[in-house]
Each structure stands twice: as C-alpha cells, then as structure tokens.
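Taking it in order: structure first as structure tokens, then the write-up.
What follows draws every value from the coordinates through simple rules; no lab data is involved. Computed from a prediction, not measured in an experiment: that's the story for all the values here. In this analysis, Cβ positions are derived from the backbone assuming ideal geometry, glycine residues included, and neighbour counts consider all displayed protein chains.
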Amino acid sequence: MKWTSFLFILILSQEVFAMAKYPPKIEQKASELKINNVPCKEKVLPLKIDYMKSGTAITITLTAESNIKDFVVSGVRGIDGLSVKSAEIPLKSDISPADIKSIVLEVQESGGLSYLILDLSGNVKGLTKKQSLALPIGEQTAVQKILAEKNIQNLESSQRPGGKQKVHMMRFDD
Amino acid sequence: MHLALLLSFFILLASCVPGAGGESTQMVEVRGYLSYDYVPVTSSGLDYESTIRKPMRNVYVEAIRPSDNKVVAKGSTDDNGNYLLSVPLKEKTIYIAAWAKMISPSVTIQDNTNDKAPYVIVSGNYDLDGNTVLSPLNASSGWSGSNLTGSYGTRKAAPFAILDSIYSAVKKVKEVRPSLSFKALKVNWSVNNLPASGTISLGQISTSHYNPSEGELYILGKANVDTDEYDRHVIVHEWGHYFEDNLSRSDSMGGQHSSGDLIEKSVAFGEGWGNALSGIVFDPDVRYRDTISSRQQTTAIEFSLEDGTDINPGWYSEVSVQQILFDIYDSTNDTGDSISLGLGPIIDVMTNEQKNTSAITSIYSFIYGLKTRYPAYSGVINALTNSKQIVSVTDAYGTGETNDAGGLVELPIYQTLVVGGANKSATMLGQAYRMNEAQNVRYFRFTAMSSSTTFNWQSSDTYIFEVFKKGVSQGGVFDEADSADPLGPFSDSLSTTAGTEYIIRVTTHPDYLFNTTDPVSFDIWLD
C-alpha cells in the first residue's frame, strides 16, 4: 500500500529552506533560505489532495483549506492508459477548512505512467471556480519514453551553427 | 487572393555578394508566407469551429538544402508573416524551416519533456528553378471535428501561438518604450505538461508559471486536462512575471493565490500586474480567460480587467491592483477612474521607481513612483486608490493605511525599528492561513547605524524571518522548533551598511506550526 501526497500546487511543496540549527542563527546563504518565490497561474480551489493506491483501488482524500460552497467533483477519468471502472464520488456539498471528502475508485492500468484526472468546481468567496488536475499513477516505461521522443531529431554539427542540436521536428501541412 | 500569391508575379531578383574567398556569389531572393492556426477563447472554452489563420510574426526562418541539410539562408518573418531570404543562385532545391523562436528579442519555445529541444516545423522541398515565391505554409492546430466531439492530432500551431502572444507583449511595450531591451527567454511547453506535481521532464509542472531561478516560463499543454497555448492572457500574465523579474523587480513570495484572497502585498502586486498587462496587450480584448478540461470546453476563470468583481478591495487584493493598473492605462473613465496615461508611464515606473524602491514591491511603491513622476495627477491617482479602499499614497510604505480587512490584517503596513530602540511586536494569525496570505506576513523597516546590526527576537511559535536590502535577501532564519524547544530570545548579527534602509519580513508556515489555534506573536529589537 502506498500513500502519495499531492499538494494541490506543487510550487509550495518545492520550498527550500535552510533549516535552523539550535539556537537559530541568521543564515547568510540567502538562496537556501529564500522562500519559494515562483509566481504561478491563479489557483482556483483551496484543496489539499492525498491519494492511496492499493491494487486496482485508489482512494483520494480532498481536504479543504478554506470554505468552498457547492463543491462538486464533476468528473473522474483516466488518461494515457488508465481507465476508471467505477467511482464513488461525494455529493455536491459545502465544505469548511479541515473537512475531508473521499473518492473511492476502481481503475484498470495498461502499464507505465498514466494519470487520473479530477474535474472539480466550487464557489469560493462568492466566485465560482473550476479546475482539472492530474494525479500520476505508475512510472514511465522505456516504451513510453521512446514514443515521447518520436518527433525528436538530431541536427548534425556540421550543418548547425553552435554544434549538434536536438530539435522537436514537425511538418507543415500545406 | 493571398498576398503571397500576388507576389508570384514578381521578377526573379538576383544580386551578387562577396563569397568567403573573395569570389562573388550570385543570390536570389526567395519569398513566402507563414501562418498558424489560432483557436479563439470564449466563455465556454476553445472554439475550434472558429479557428482562423494568423501570420507567424517575427519567426526565425531558414532555407535548407535537402541533400545535406545545410542552412543556405536565414531570416525572420515580418509582422504580416512574410519572409524574404537571399539564397545562393546555385541552390536548385530548398526546404523551409520555421523555428518557434524569435531572434530579437531572443525567445525560444522548447520541449521540456524532450531535453528542452526547440520546436521547428519544416516544409516539403521547393524546386527553385524560376520559382522565387514559395507557396504559403500553415501550422495546423491539429484539431479535427466539432468543439464537442473533435480531437487533437499533432499540435503544430501551439508553440507558434505561444510565441505570437509573447511577441504581442514585446511589441506593445516596444511601441511605447523602444529602447528597452529584453533578456533571452526560454518557454517550456509540451503536450505532456499537466497540472500534476513531480518531475518536470515528464511534464509534471503543476501549473503554468514563471521560474525566476531559471528565468524560464512553463506552460501547460495536456489535452483534455489543461492547455494554455491559446489562453493568450495566461501567456502574457506569465510573461509579465518575466518582465517584472528582469526589467523591474519582484519581491513576491510566490505560491498559490486566487482572486478574493487577502494576499501578501508583493504577491498581490505581481499577480495583478500580470493580469493587467494581459488586458493592456490584447486591448480591446480585456477579458482574461483560462480554459480547461475535456476538449478544452470549460472556461475555468474569466474576468474583465476593466470592471471585474473585486470582493475584497484593498492593498492585499490582486484584483484591486490589476484594476488600478488597467485604469491608469485605459482611456475609459469609470468609478474612481479619471486618469488615462497609457502604458508608457506604467513601464517607466516599473523599470525605475519600482525597481529601485527601498520598500518591498507593492501597490504602494508603484503608486508612490507614479505620483513622484506625475505630481499633477496626484488628485486623480488618490481618487483611484481610494476607490479600491487604499489610502492616498504618500510613500512607498503605505504609511497611513487604515484598511485592515475588517481586523484580519495588522497595521501599520511596516513597523519602524530603531537600532538601540524599543522592541516591536507583530501578530500573525497562523494555522488557518497560508504563508503568503496577508494575515501571516508582517514587515519591519530600519536604517542601519553601522557595519553590523544585532538582531534580537523571540516568538510564540515557529517562524521565518528574512532581511532585505532593496529586495535582495541579506539572510534570515527559518525556525522549525517543536513545542519542546525554546523560541527565544535569540540574538545574532548581520553585516549592514550604515545609513542604508533594510526591510525585515516575518511570516509563518502553517505546516510547521505546533500550535494550531492561537495567533503567532513575534518580537524583535535591534542593537
């Protein structure tokens, strides 16, 4: 059984601090102390999400970080080889900080890295907000990696200023 | 009839240029036209059924000899998507390669899931025997079918759509301030980029964002989940963070944010700036839209930069910031807005006063800079900020601010410390709020008296404090003590410059607080 913690916005989970030794001293290495300063696209729903996979069953827990009215899970689906066989989805409801909603799923994997997609919506501070998010399931396989690189080509050094270059090559339609 | 087809009546132009060995090489000018599919954004998602072709503007183009893939000519498209390349007359056959990149300024769209390989799209071969006008080329969206039942094939237009939105932003800024130069920018986009945390090279980028440590943008691209390549206001919003980081200054703590939040004032300014800039760049399309979900048929976020809802107006509201900035720019007067300065003065303040402020970047530092430049407009600027429940700005520190969000945030905005003077105390509300919410961030300011300043502090719970000089971190403390550890008083020194002002930012991280109910009290004094 494996628990995976998925913070709704990765950015905050990437914070890097210089952990203070006791007694705390002013850390001179500002880059290590600096609070993560990555600005990102607007977040829409204040939720923390954890999920647990056991065999073909996945249990997702959604923990509200602030009040959400009319919170609803409007869709649960798999992509990249994951299919959802059945899902117990919570009913539309109002949720408050620390309230937890659970989604219980039965899935079928085709192997490798795939994603479970949640479509969520709710009203926060009077504004209706919607969001799709992805939960990774499994690990990328060698075959998937090869497929992902199907449009990648190497341009030879003798033909390019600056040496050999890897490019993502596409073709015009016309 | 297309312009490129009209050009087919042009006479073959040949000229001579010196070769490397002094011999002359006869050249011929080859012309063509490049476009990409643009999918409009609506209130109900992407409207594939209204797809139009837009010119690839300022796109780097090469003519390549097929036999050995040698580049025989290079250049860029103009604002109409036309290119003109001088190809050696001896070249009988070429193909065209259009890179998703601009040379001036340097912007490259690359695939972060494939070793950051840049995107390039190539034509079939052209026989140049008497043919100097090549047939038009288009990069398709890859969508086939209706909005509700269609699906994606290869998404060739996407990197060019992103590039074109950035070009729109560059062009808008350069129109008013042509002397500005832009640092090279890499934009990471992939069909694999999706809202999951994890490994960037797998596309798990969390969300579209600007990474200041790399100086690069990351843009979502996963079909049926969240794509942003046609959400052009999102693209310019993120480019706005690049602008702020490179040509102005951002002291933003970053992190999650949402309209309606009481957000730390530098985060609020940065996010509001990005939103406002997106409306300015695409004016009169002033509706910010962000599409998601199955077939991209859901618009998750939509608001007007001109008159969108601002449920918590004030210095801590990104919505207030974006509407103030947009009102300074636009020529439409509305409630509190009788100012119309255009974009130029905004850029001037961003690249001067905002960049050099001793305070933390915020709406106060921006407005103070604007009023310093335009004292005759003080009255109308006061009316504008007052309409957003922000005090009439008299300095970069928000001195005199009275809006405490109904008692949720502590005032004044900055407390002043005197070296050798009394201690000052700040209260943060703690567990119920994120680290970057205004309820959990407090500021102090002081002027150093010597080459070293001793900081003394104590707290009621875990805390983070950091010392800044003009936005540059000088050092700080992250104390993750548990309930058994003492929380001060502590003391430590930091090198300082006499006569220079420093800012101290104190915040708490809810994941590290051991007391989940009480506010955090933090005391500090200097020697």
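From the Cα trace of segment B:80-161, what convex hull volume per residue do you get, rounded to a whole Å³?
On the way: hull volume 12.7 nm³, N = 82.
Given the Cα convex hull of segment B:80-161, per-residue volume reads 155 Å³.
In nm, to one decimal, how far is the modelled label at B:Asn423 from the one at B:Gln26, with both set 7 Å along Cα→Cβ?
The modelled label-to-label distance comes out at 8.9 nm.
Among B:270-276, B:155-161, what's the highest-first ranking by average C-beta atoms within 10 angstrom per residue?
For the peptides B:270-276, B:155-161, the packing ranking is B:270-276, B:155-161.
For a protection proxy built on the mean count of beta-carbon atoms within 10 angstrom, sort B:248-256, A:107-115, B:453-461, B:330-338 highest first, please.
Packing proxy ranking, top to bottom: B:248-256, B:453-461, A:107-115, B:330-338.
For segment B:348-438, what is the charge dipole size about the Cα centre, in debye to the nearest 20, if Lys and Arg each add +1 at the Cβ and Asp and Glu each add -1 at the Cβ? Present the calculation step by step, with values, prior to reporting the outcome.
Details: 6 positive and 7 negative charges, 24 e Å.
For segment B:348-438, the charge dipole is close to 120 debye.
Could you tell me the distance between the Cα centroids of segment B:66-123 and segment B:242-277, to the nearest Å?
35 Å
Taking beta carbons within 10 Å but only from partner chains, what does the mean come to for residues B:107-119?
Taking all residues of B:107-119 together, the mean is 4.
Check which residues have an amide H placed less than 5 Å from B:Gly475's amide H, if you skip close sequence neighbours.
Placed amide hydrogens put B:Val467 under 5 Å from B:Gly475.
For chain B, what is the mean residue ellipticity at 222 nm derived from helices alone (per DSSP H run of n ≥ 4: -39500 (n - 2.57); sum divided by total residues; nearest 500 deg cm²/dmol)?
Values: 9 runs with 102 residues, N = 527.
My calculation for chain B gives -6000 deg cm²/dmol from helical runs alone.
Quick check: convex hull of the Cα atoms in the protein assembly as shown, volume per residue, rounded to a whole Å³? Kindly include the intermediate steps, with their values, before the conclusion.
Numbers: hull volume 128.4 nm³, N = 701.
Here the figure is 183 Å³ per residue.
With unit charges on the beta carbons (Lys and Arg positive, Asp and Glu negative) and the dipole taken about the Cα centre of the protein assembly as shown, which residue among B:Trp273, B:Ala73, B:Asn188 sits farthest to the positive side?
Farthest towards the positive pole: B:Ala73.
Placing +1 at every Lys and Arg Cβ and -1 at every Asp and Glu Cβ, with all other atoms neutral, what dipole size does the protein assembly as shown have around its Cα centre, in debye to the nearest 20? Don't skip to the answer; put the middle values down first.
Details: 60 positive and 79 negative charges, 324 e Å.
I would put it at about 1560 debye.
Over 10 Å intervals from 0, what percent of Cα-Cα pairs in segment A:107-147 sits in each interval?
Pair shares across the bins are 25, 34, 22, 15, 5.
Among the listed pairs A:Lys53/A:Lys166; A:Lys41/A:Lys69; A:Lys145/B:Lys70; A:Lys48/B:Lys355; A:Lys41/A:Lys166; A:Lys48/B:Lys101, which have their C-alpha atoms separated by more than 32 angstrom in this model?
Details: A:Lys53/A:Lys166 37 Å; A:Lys41/A:Lys69 22 Å; A:Lys145/B:Lys70 29 Å; A:Lys48/B:Lys355 35 Å; A:Lys41/A:Lys166 29 Å; A:Lys48/B:Lys101 38 Å.
From A:Lys53/A:Lys166; A:Lys41/A:Lys69; A:Lys145/B:Lys70; A:Lys48/B:Lys355; A:Lys41/A:Lys166; A:Lys48/B:Lys101, over 32 Å: A:Lys53/A:Lys166; A:Lys48/B:Lys355; A:Lys48/B:Lys101.
Extension gain B:Thr332-B:Lys92, at 0.36 nm per residue separation less the Cα-Cα distance, in nm? If you can, show how the numbers build up before the last one.
On the way: separation 240, 0.36 × 240 = 86.40 nm, distance 5.66 nm.
So the chain would gain 80.7 nm between B:Thr332 and B:Lys92.
Could you list, bin by bin from short to long, the percent of Cα-Cα pairs of segment B:238-289 in 5 Å steps?
The distribution over segment B:238-289 is 5, 20, 29, 23, 17, 6, 0, given as percents.
Counting only DSSP beta bridges with both residues in segment B:405-527, what percent are antiparallel, rounded to the nearest 5?
Antiparallel bridges: around 90 percent, rounded to the nearest 5.
Ratio of alpha-carbon Rg to the 2.2 N^0.38 Å globular estimate for segment B:135-240, to two decimals, please.
With N residues counted in segment B:135-240, Rg over 2.2 N^0.38 Å equals 1.17.
So how do A:116-125, B:514-523, A:62-71 stack up, highest first, on mean other-Cβ count within 10 Å?
Ranked by mean Cβ neighbours within 10 Å, highest first: A:116-125, A:62-71, B:514-523.
Excluding residues fewer than 8 places away in the same chain, name every one of the aspartates and glutamates whose C-alpha is closer than 13 Å to that of B:Lys156.
Within reach: A:Asp173, A:Asp174, B:Asp37, B:Asp111, B:Glu229.
Give me the distance between the Cα centres of segment A:39-111 and segment B:214-241, rounded to whole Å.
Here the answer is 24 Å between Cα centres.
How many times 2.2 N^0.38 Å is the alpha carbon radius of gyration of segment B:386-484?
1.20
What's the average, rounded to a whole number, of partner chain beta-carbon atoms within 10 Å of each residue's beta-carbon in B:185-197?
4
With the cut-off at 19 Å, report for segment B:352-415 the share of all Cα pairs above it, as a whole percent.
Result: 29 percent of Cα pairs exceed 19 Å.
With a cut-off of 12 Å, note down the residues of segment A:129-154 whose backbone N falls inside the zone around a label point 7 Å from the Cα of A:Lys164 toward its beta carbon.
Residues A:154 fall inside that zone.
Take every residue in peptide B:396-402, count the Cβ atoms of other chains within 10 Å of its Cβ, and give the average of those counts.
0
Going from the alpha-carbon gyration tensor of segment B:24-116, what semi-axes, largest first and in whole Å, does one get by taking the root of 5 times each eigenvalue?
After scaling each eigenvalue by five and taking roots: 31, 16, 12 Å.
Once you put a point 7 Å from the Cα of B:Ile103 and another 7 Å from the Cα of A:Thr63, both along the Cβ direction, what distance in nm separates them?
5.5 nm
How large is the dipole of chain B about the Cα centre if only Lys and Arg carry +1 and Asp and Glu carry -1, each at its Cβ, rounded to the nearest 20 debye?
1740 debye
Looking at the calculated P(r) for chain B, what percent of the C-alpha pair distances fall above 32 Å?
51 percent
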